[in-house]
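Q: The structure's right below; bear with me while I get my questions together.
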Amino acid sequence: MTRFAAVRHLLAVISLLVVVSAQAQTEAQQHLIERLNKVDAFSAQFEQKVQSPEGDEIHQAKGTLAIQRPNLFNWTTTSPDETIMISDGETLWYYSPFVEQVTAMWLEEATAQTPFVLLTRNQPSDWQDYQITQEGNTFTLTPKTTGTIGQFDVTVKPDGTLTGFRVVEQDGQQSQFALSQFSRQTPDADLFSFTPPESVMVDDQRQSR
């Protein structure tokens, strides 16, 4: 094979790999969207384990989770300390009773800090910001731009049952969430509303629109 023919052969192989990779990305994204669309509302219990970049377990937590699409969720940590994160569809509220503080930010600005928010709306435009691969029931999302999150894995069965997800930060720290007692019953609407208690400090990070 001449050098020119070898180069043409290499370019052909590279082009084929690019096409196959793009096709796999599209298929994985479509599979993820289709599975998530099968369940518009659910509740579950969760257990969280956090590992340091060195692989040491540094934190455990547990609590409850409720979602109703689009954009409504309640994430309540019950142990070791109570914290509440609620989306009412526009504002993301984070309340820590222990420190008596509430933080408020626009939901649309919270996705980069909380990739879990992606699961509450399942918009195709959101997934365009990630490289998506699939292995069995696990979908791996890698941001196309550099940020605090290096990787987000979500495990969802073909019937739409979400069984867990994992967040890997750029420094290598990992947060693993395992879900149990998954229920498709629509959660109570009161779970998705929040009014700050009068006695707490409110850090309102929302800017005027």
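The values are calculated or read from the model by the stated rules, or taken from the named source; none is laboratory data. This is a predicted model, so every value here is computed, not measured. Neighbour counts are summed over all protein chains in view; Cβ atoms, including those assigned to glycine, are modelled from backbone coordinates with ideal geometry.
Q: Given the criterion hydroxyl-bearing (Ser, Thr, Tyr), more than 11 Å from the chain's Cα centre (by Cα) and closer than 20 Å to Arg35 by Cα, identify the matching residue among Thr103, Thr155, Thr138, Thr148.
A: Going through Thr103, Thr155, Thr138, Thr148 in turn, just one is hydroxyl-bearing (Ser, Thr, Tyr), more than 11 Å from the chain's Cα centre (by Cα) and closer than 20 Å to Arg35 by Cα: Thr138.
Q: Still on this model: Name the residues in region 28-47 that are polar (S, T, N, Q), buried (at least 17 other Cβ atoms within 10 Å of the Cβ) and assigned to a strand (DSSP E or B), would you?
A: Within region 28-47, Ser43 is the sole residue that qualifies.
Q: For region 79-131, which residues satisfy the criterion of being surrounded by 13 or more Cβ atoms within 10 Å (Cβ to Cβ) and among the β-branched types (Val, Ile, Thr)?
A: Thr83, Ile84, Ile86, Thr91, Val102, Thr103, Thr111, Thr114, Val117, Thr120
Q: Just to be sure before I move on: is Pro80 closer than 19 Å to Gln176 by Cα and either over 17 Å from the mean Cα position of the chain (by Cα) or modelled with pLDDT under 90 (or both) in the structure I sent?
A: yes
Q: Are any residues in region 159-207 hydroxyl-bearing (Ser, Thr, Tyr) and under 17 Å from Leu92 (Cβ atoms), and if so, which ones?
A: Listed by number, the residues that qualify are Ser193, Thr195.
Q: Does region 5-23 contain at least one residue that is buried (at least 16 other Cβ atoms within 10 Å of the Cβ) and modelled with pLDDT under 95?
A: no
Q: Right, another one. Sort through Thr83, Thr120 and tell me the only one that's among the β-branched types (Val, Ile, Thr) and in contact (Cβ under 8 Å) with a residue 40 or more places away in the chain.
A: Going through Thr83, Thr120 in turn, just one is among the β-branched types (Val, Ile, Thr) and in contact (Cβ under 8 Å) with a residue 40 or more places away in the chain: Thr120.
Q: Let me ask something additional. How many of the residues making up region 98-156 are aromatic (Phe, Trp, Tyr) and in a loop (DSSP other than H, G, I, E, B)?
A: Residues meeting the conditions: 1.
Q: Just for region 157-209: of the residues that are in a loop (DSSP other than H, G, I, E, B) and among the small types (Gly, Ala, Ser), which one is surrounded by the most Cβ atoms within 10 Å (Cβ to Cβ)?
A: Among residues in region 157-209 that are in a loop (DSSP other than H, G, I, E, B) and among the small types (Gly, Ala, Ser), the one surrounded by the most Cβ atoms within 10 Å (Cβ to Cβ) is Gly160.
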